[in-house]
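Here's the structure we're looking at; comments come further down.
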Amino acid sequence: MTGPVDLAPAIVDWFSRAARDLPWRRPGFSAWGTLVSEFMLQQTPVVRVIPQLLDWLERWPTPADLAAVPPGEAVRAWGRLGYPRRALALHACAVAIAEQHGNRVPEDVDDLLALPGVGPYTARAVAAFAYGHRHPVVDTNVRRVLARTVLGQADPGPPATRRDLALMAEHLPLPRADARAFNAGMMELGAIVCTARAPRCDECPVADLCAWRAAGYPDYTGPQRVRQKRYEGSDREARGRILARLRSATIPVDEELLTAEAPDPEQAGRALEALLADGLAERTSEGIILPAG
DNA sequence: GAGGCGTGGAC
DNA sequence: TGTCCAAGCCT
């Protein structure tokens, strides 16, 4: 820590008091459980993840257990968490870990990055939280907290990965336990206090260090982010509808049922072809099924 | 590097 | 019955 402001002591202290009691923070929670939780938490809120995660780990307590079933079973168990390609990638992770890592989740960031569906955030989160390694962890919460406290702006703006990793590295305490608490604390602060809308600055442990507050809460003036396309009527919705039908099926589903009878048959046909290309569905002589392997 | 990728809840 | 947001990743 060489900069003018040191966030770590207040964050670490606050986290020790304010941290939510979440499954992946329980003592003895496995590295595999951490990896599964991080996959599920990619763009899906905590409250929706928790029950799915517990069911998942009860059914597949180690990577080899998941690797032993067809990928379609993972897609089915994924349910309505969204972005089902994550289920496919997680299954592929399980196969790789079982076959190449002795059924043990790797702890080196580079080994983790080599796994399907594991990017810069997830790799560092697993190394830091499951194994206690001292790496900076940057997710959407951390990006926002850094933007406000350090940069003095309301919004982090376009991704600036190197900048944010450097800022976190600069603030990261030396003791591993404190480094882990700082990473988790920055994420927790962004999740429950320094929120995107209506931040609760009166409850913030670093309010008196915050550059955004000191500047009088200026509005964000940087580039506006791209608006999310309408979901209603989109190809994504069509994909979701087909996959929901496949998840509930115990036998192959007739292709006509998935496309010709859809609200927009042409769109449904495109969506099905995309799902087949993505490996989220398979075409057999009997009909369409979830991937069998 | 911009766009695509599910789903549900809060306003 | 609109917009934004949620512990990202891949192409």
Would you check if there is a residue in the stretch A:237-244 being within 16 Å of DNA strand C (Cβ to nearest atom), without any contact (Cβ under 8 Å) to a residue 60 or more places away in the chain, of a type outside the set (G, A, S) and farther than 20 Å from A:W78 by Cα?
no
Given (1) part of a loop (DSSP other than H, G, I, E, B); (2) open to solvent by 40 Å² or more (accessible area, probe 1.4 Å); (3) closer than 23 Å to A:L113 by Cα, identify the lone condition not met by A:P4.
(3)
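Among the listed residues A:A92, A:A77, A:A87, which satisfies the condition of being in contact (Cβ under 8 Å) with a residue 12 or more places away in the chain and open to solvent by less than 10 Å² (accessible area, probe 1.4 Å)?
A:A87
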Cβ-Cβ under 8 Å pairs, at least 6 apart or on other chains, the stretch A:250-274 side assigned by TED's automatic domain parsing to the domain that holds A:Y83, far side open to solvent by less than 90 Å² (accessible area, probe 1.4 Å) and outside any loop (DSSP other than H, G, I, E, B):
none
Can you list residue pairs whose Cβ atoms sit under 6 Å apart, with the first residue in the stretch A:6-25 being farther than 10 Å from A:A181 by Cβ and the second being within 9 Å of DNA strand C (Cβ to nearest atom) and part of a helix (DSSP H, G or I)? Count only pairs 6 or more apart in sequence or on different chains.
A:W24/A:T34; A:W24/A:S37
Testing A:G82 on (1) assigned to a helix (DSSP H, G or I); (2) under 18 Å from the mean Cα position of the chain (by Cα), one condition comes back false. Which one is that?
(1)
Of the residues that sit in the stretch A:213-233 and are at pLDDT 90 or above and near DNA strand B (Cβ under 6 Å from one of its atoms), which one is farthest from A:R148 (Cα to Cα)?
A:Y231
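When the residues of the stretch A:250-293 are filtered to those that are of a type in the set (G, A, S) and open to solvent by less than 40 Å² (accessible area, probe 1.4 Å), which remaining residue is farthest from DNA strand B (Cβ to nearest atom)?
Pass one, the stretch A:250-293, residues of a type in the set (G, A, S): A:260, A:262, A:268-269, A:271, A:274, A:277, A:279, A:281, A:285, A:287, A:292-293.
Keeping just the survivors that are open to solvent by less than 40 Å² (accessible area, probe 1.4 Å) gives A:262, A:268-269, A:271, A:274, A:279, A:281, A:287.
On the way: A:A262: 13, A:A268: 13, A:G269: 13, A:A271: 8, A:A274: 6, A:G279: 11, A:A281: 11, A:G287: 20 Å.
Restricting to residues being of a type in the set (G, A, S) and open to solvent by less than 40 Å² (accessible area, probe 1.4 Å), the top hit is A:G287.
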I'm told A:T122 meets every condition in (1) among the hydroxyl-bearing types (S, T, Y); (2) surrounded by 21 or more Cβ atoms within 10 Å (Cβ to Cβ); (3) within 22 Å of A:L41 (Cβ to Cβ); (4) not assigned by TED's automatic domain parsing to the domain that holds A:L35 except one. Can you identify the failing condition by its number?
(4)
Verdict on A:E188 being open to solvent by 30 Å² or more (accessible area, probe 1.4 Å) and in contact (Cβ under 8 Å) with a residue 60 or more places away in the chain
no
Filter the stretch A:245-275 down to the residues that are within 16 Å of DNA strand C (Cβ to nearest atom) and outside any helix (DSSP H, G or I) and list them by number.
A:P263
With criteria (1) open to solvent by 20 Å² or more (accessible area, probe 1.4 Å); (2) without any contact (Cβ under 8 Å) to a residue 24 or more places away in the chain, A:A98 comes up short on (2)
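If I filter the stretch A:27-58 down to residues being outside any helix (DSSP H, G or I) and within 15 Å of DNA strand B (Cβ to nearest atom), which single residue comes out as most open to solvent (accessible area, probe 1.4 Å)? First the steps, then the outcome.
Applying the first criterion (outside any helix (DSSP H, G or I)) to the stretch A:27-58 yields A:27-30, A:42-45.
Cutting the leftovers down to within 15 Å of DNA strand B (Cβ to nearest atom) gives us A:42-45.
Working: A:Q42: 48, A:Q43: 150, A:T44: 9, A:P45: 67 Å².
Looking at the filtered set, the residue picked out is A:Q43.
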Within the bounds of the stretch A:168-175, is there any residue that is out of contact with any helix residue (DSSP H, G or I) (no Cβ under 9 Å at 6 or more places or on another chain), in a helix (DSSP H, G or I) and more than 29 Å from A:L81 (Cβ to Cβ)?
yes
Is it true that some residue in the stretch A:114-132 is over 30 Å from A:P71 (Cβ atoms) and modelled with pLDDT of 95 or more?
yes
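Just checking, which of A:L88, A:L81 is touching an Asp or Glu at 6+ places or on another chain (Cβ under 9 Å) and farther than 21 Å from A:P136 by Cα?
Details: A:L81 fails: touching an Asp or Glu at 6+ places or on another chain (Cβ under 9 Å).
After applying the criteria, what remains is A:L88.
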Which of the residues belonging to the stretch A:105-116 are crowded, with 19+ Cβ neighbours inside 10 Å and within 8 Å of DNA strand C (Cβ to nearest atom)?
A:L115
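The values are calculated or read from the model by the stated rules, or taken from the named source; none is laboratory data. As the structure is a computational prediction, the values presented were derived from the model and not from experiment. All Cβ positions, glycine included, derive from the backbone under ideal geometry; neighbour counts span all protein chains shown. Surface accessibility is based on the protein's heavy atoms, side chains included, excluding ligands, DNA and RNA. Shrake-Rupley method; radii C 1.70, N 1.55, O 1.52, S 1.80 Å.
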